[in-house]
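Report on the following structure.
Every number here is computed from the coordinates shown, using simple stated rules; none is lab data. Keep in mind that what you see is a predicted model, and the values were worked out from it rather than measured. Backbone-built Cβ (ideal geometry, glycine too); neighbour counts: all protein chains shown.
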Amino acid sequence: MDDPHTGPAPALRRLLDLLASGAATEDFAEVLAEARRQDAPADVLAEIDEATWQAVRVHRTLRQHRRREAELTALFDTAGDLAASRDLDSVLQAIVRRARMLLGTDTAYLTLPDPAAGDTYMRVTDGSVSVLFQTLRLSLGDGLGGLVAQTARPYATPDYRTDERFHHTGRIDAGVLDEGLVAIIGVPLLLGGQVIGVLFAADRTPRAFSPDEVALLCSLAAHAAIALDTAKALADTRAALAGLNAANAVIQAHAAAVQRAERAHDRLTDLVLRGAEVPDVAAEVAALLGGEVTVRDAEGNRLAGRGRADEGPAEAVAASRAEGRAVPHGADWVCAVLAGQEPLGSLLLHGRPDLDHADRRLFERAAVVTALLLLLRRSVAETENRVRGELLADLLTAPDRDPAGLTARGRRLGVDLGRPHLVLVAEAAPEERAKLAGAAVRHLFGTRGVSAEHGESVVLLLPEDGAHSPGHRAAQAADRLAGLLGAPVTVGAGRVATGPVALAASYAEGVRCVRALRVLGRVGDGASAADLGFLGVLLGDGHRVDGFVASTLGPLLDYDAQRGTELVRTLRAYFDCGGSLTRAKGELHVHVNTVVQRLDRIGVLLGHGWDRPERALELQLALRLQLLAES
């Protein structure tokens, strides 16, 4: 029993209390320090040290989850504001405020063009303290915002004052200096392929913005573009009602179309807020537009909808991405699903060749909502994969240290190591290794698979599906990863295994397969030990000799067993005699014609090319192993 003063139990309870209260990381180290001050035994200190390390990891993971939850909540709140409010100022102010909160920057602001003055002006700011900065007007093409507007692409700088990519002017630099800004990121507000404004976030200290932060800011910019577009549509409608009494019927129809689009966007946004999936959004869009909608990911894989065999409108998707709007494709319509400039997939609408302007805008809004949903799903999946990847890394590093503990951790994370799994080892060129890990996450998106970087490779742990061999799945993974990476990826498969120790052994076999593929000049291919012939016998754990002999000599063994012939003995004698028919007939004590007839039958059973050097080497190895097994 633990001493109530020196045992580990009080310390463990203290660690749990710190986790529950959300204490600072430094407080966890104090628990171990207190145990040392009480002269606790060495084994107790070791147990407390291990528990402290685990508690710190859990604390860090919880903190990451809370940050991600805050980001997702901010995005949902923005979508809700856009759906509920018709006040442009309040929506834009909410978007800018949430951009600042989402990225944790000192300030955020949004600029819009002034066609009358021929420049751009500050429309909304949040966190700004400089009057000069708040009233700043920028000539077209000047500063970071000018570059964003010209290229329609996001730009970020860790230090604006020293960045020579932008056209600096005295007035802009004075405003930035007065505000004290250093790191700035700007993303375009795109509408119909045109830049209608720029959304910024900025810090007063140097900072590098991550790709996730760029994508999230682009999503907010898309909402801002929708708010501006809706406000413009409503303003146009009001102006038409005031000035064109004679065209009252046309104006009413236009207003009804706008209202229908707003209601449709409200319904789609509500689906996202209620946690709907991609098929739910596709079904809602199909019902709204009276057609059939198919959703595909960036690689063309169908995510929702029935689809057709002739679907593959890559050129139409590229055109939609370039124009920033839906485009016709025969009797169908296609709209690219984008997060900023990053392609996430596409929507394809069947059965509505006569899509009018209002329905076309509704279709484009559906693409924006789908992009938000896919981005949120990917963010959640990446977070989950990072946590599961730590489990996989621990499993490969020390599988026999605590197999039961690893299995329990996996079960809590949704990875049942007690079930059969397949281990794939993927390798790419050294300059592509950093990108390979991200490609593996995208490859496993939507599955129960796990990936993690380990050594010079990326390891994928996949539940056994029972439908395909390890070699087939390795080849599939090599092909898909190469498409995602844009470079060759070599994949080796280990045996299907169950439990931490067996899975670690399977990983070692997969590493050997990858090395063998490289030696054989099969870079960019995927295979298992069973696919490598006699090399597989040498590489595979357990050296499956019986399986190699059966797969190599099986037709001859079966034929001899059924007919009482001696084809296997004849083949062995033929090879032992160096391919000489005369010497072989003497070894077998038969006529040379009998040897020829038997070799012809062997050729029929084994197939053309059985006597070529590579195949002959496998056959001789199998004959030697079969002879050893018989003796």
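Assuming a ≥ b ≥ c are the square roots of the Cα gyration tensor eigenvalues, decide whether segment 103-216 counts as rounded (a/c under 1.5), prolate (otherwise, with a/b larger than b/c) or oblate.
Verdict is rounded for segment 103-216.
According to the square roots a ≥ b ≥ c of the eigenvalues of the Cα gyration tensor, what is the shape class of segment 552-631, taking rounded for a/c under 1.5, prolate for a/b larger than b/c otherwise, and oblate for the remainder?
It comes out rounded by the Cα gyration axes.
Just report the Cα centroid separation between segment 496-526 and segment 463-490, whole Å.
13 Å
Which GluC sites (Glu not before Pro) from segment 434-515 combine a DSSP loop assignment with at most 16 other Cβ atoms within 10 Å?
E456, E464
Kindly rank 284-296, 123-135, 95-107 from highest to lowest mean number of other beta carbons found within 10 Å of each residue.
Top of the packing list down: 95-107, 284-296, 123-135.
Cα centroids of segment 276-348 and segment 98-153: how far apart, whole angstrom?
That distance is 32 Å.
Please list, in order along segment 556-565, the HN-Hα scalar couplings obtained from phi with the Karplus expression 6.51 cos²θ - 1.76 cosθ + 1.60 (θ = phi - 60°), rounded to whole Hz, x for Gly and Pro.
6, 4, 5, 5, 4, 5, 7, 10, x, 8
I need the phi-derived Karplus couplings for segment 332-347: 6.51 cos²θ - 1.76 cosθ + 1.60, θ = phi - 60°, integer Hz, Gly and Pro marked x.
So the J values, rounded to whole Hz, are 10, 10, 10, 9, 6, 9, 10, 10, x, 9, 7, x, 9, x, 7, 10.
Any number yet on Rg/Rh for segment 8-70, C-alpha, Kirkwood?
1.04
Compute for segment 399-539: radius of gyration divided by Kirkwood radius, i.e. Rg/Rh, restricted to C-alpha atoms, rounded to two decimals.
Here Rg/Rh amounts to 0.95.
Could you work out how far apart the two model spin labels at R13 and L605 are, taking each label as a point 7 Å from the Cα in the direction of the beta carbon, and quote it in nm?
Going by the 7 Å Cα→Cβ label model, 7.6 nm.
Could you list W333, W53 in order of exposure, starting from the residue whose Cβ has the fewest other Cβ atoms within 10 Å?
In increasing order of surrounding Cβ atoms, one gets W53, W333.
What would the Debye equation give as log₁₀ I(q)/I(0) for segment 161-235 at q = 0.12, 0.14 Å⁻¹, counting only Cα atoms as equal point scatterers?
-0.43, -0.58
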